Amino acid sequence: MRLGKILLAVIILMSLLSYTHGQTRIRCASTTSTQNSGLFDYLLPIFEKETGIKVDIVAVGTGAALEIGKRGDADVVFVHAKEEELRLLREGYFANRYDVMYNDFVIVGPPDDPAGLKGLSSATEAFQRLAQRGATFISRGDNSGTHKKELKIWKKAGLNPKGRKWYLEVGQSMAKTLRIANEKRAYTLTDRGTWLALKDKERMDLEIVVEGDPVLFNQYGVMAVNPKRHPHVKYKEALKFIRFLISEKGQKAIATFRDSHGNQLFYPNASKGVRIKPIE
């Protein structure tokens with residue numbers, strides 16, 4: 001009897017090892033905010049349990065994530081630069097783009113607010129005041145979605161800060177950029193999700209000084225890499241991941257994700273997406 005139980009246990013273990021070894025995996029190139037905030041740690045186990053598909057995340061800036069997808073080095077991308085996403089969709093690099101969720105950007109700075117930004121409701125006016133007063137601003141400078149948004153605001157403000165002494169481009173992730181801003185008692189633009197996830201954990205001596213401007217809206221989207229351009233990609237599996245994200249179950253999971261203080265970091269809005277029919 002005991003030998004039989006041992007053999008049964010061995011068979012079960014071998015089956016599990018075989019399943020794990022043969023598990024389907026897809027690669028998702030994504031913006032760092034989805035990783036830094038802890039969202040993927042929350043979402044992916046739900047998807048993997050439901051489908052048996054393992055998702056390997058490559059967390060980089062949005063610009064880099066899109067380049068990885070364009071090269072066919074990922075099966076799906078999850079980013080936040082909608083205008084560029086739609087352009088690349090039209091150019092045939094990607095297929096099946098959907099809005100997934102949103103949050104917003106905020107401007108953070110030192111508590112004593114040397115540039116006097118508190119009370120401003122306009123991000124454009126805030127950037128103009130930063131330039132006028134020469135207050136140190138830390139830019140990601142990495143072609144990420146956050147960097148793209150920052151550059152749009154500078155353009156709207158009629159300013160080009162590049163090369164100014166008070167403007168530092170660090171070429172780093174959002175988390176590292178926030179750490180640098182904290183060390184230098186400087187200002188920066190950040191997505192709210194990463195800010196909420198890190199401010200207490202990292203004990204940052206920064207505060208939100210400007211928020212609520214419609215220009216700071218931050219839309220996230222997901223796209224499959226076009227299999228007609230890169231036949232090797234796991235397109236069917238990528239679609240399963242996309243369908244999960246925009247499904248009632250996936251959207252509910254995004255809505256219920258909270259930080260340690262109970263703050264909601266992302267708001268699902270897949271119903272408002274631009275939908276492309278699957279490639280036959």
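Miscellaneous remarks
- The residues in region 57-82 that are under 21 Å from Pro231 (Cβ atoms), touching a Lys or Arg at 6+ places or on another chain (Cβ under 8 Å) and touching a residue at least 40 places away in the same chain (Cβ under 8 Å) can be counted, and the count is 5.
- Test result for Leu168, crowded, with 21+ Cβ neighbours inside 10 Å, of a type in the set (A, V, I, L, M) and either modelled with pLDDT under 95 or more than 25 Å from Phe78 (Cβ to Cβ) (or both): no
- Just one of the listed residues (Lys228, Lys162) is touching a residue at least 60 places away in the same chain (Cβ under 8 Å), over 21 Å from the mean Cα position of the chain (by Cα) and loosely packed, with under 15 Cβ neighbours inside 10 Å, namely Lys228.
- Lone unmet requirement of (1) in a loop (DSSP other than H, G, I, E, B); (2) at pLDDT 95 or above for Asp205: (2)
- Members of region 189-228 found to be of a type in the set (Val, Ile, Thr) and within 19 Å of Asp142 (Cα to Cα), listed by number: Thr190, Thr194
- Screening region 165-184 for residues that are closer than 13 Å to Phe137 by Cβ and in a loop (DSSP other than H, G, I, E, B) and picking the one that is farthest from the chain's Cα centre (by Cα) gives Lys165.
- Among the residues of region 182-202, those that are under 20 Å from Glu125 (Cα atoms) and at pLDDT 95 or above comprise Ala186, Tyr187, Thr188, Leu189, Thr190.
- Number of positions in region 229-277 that are modelled with pLDDT of 95 or more, of a type in the set (D, E, K, R) and in a loop (DSSP other than H, G, I, E, B): 2
The values are calculated or read from the model by the stated rules, or taken from the named source; none is laboratory data. This one's a predicted model, so the numbers in the text were calculated from it and none came from an experiment. In this analysis, Cβ positions are derived from the backbone assuming ideal geometry, glycine residues included, and neighbour counts consider all displayed protein chains.
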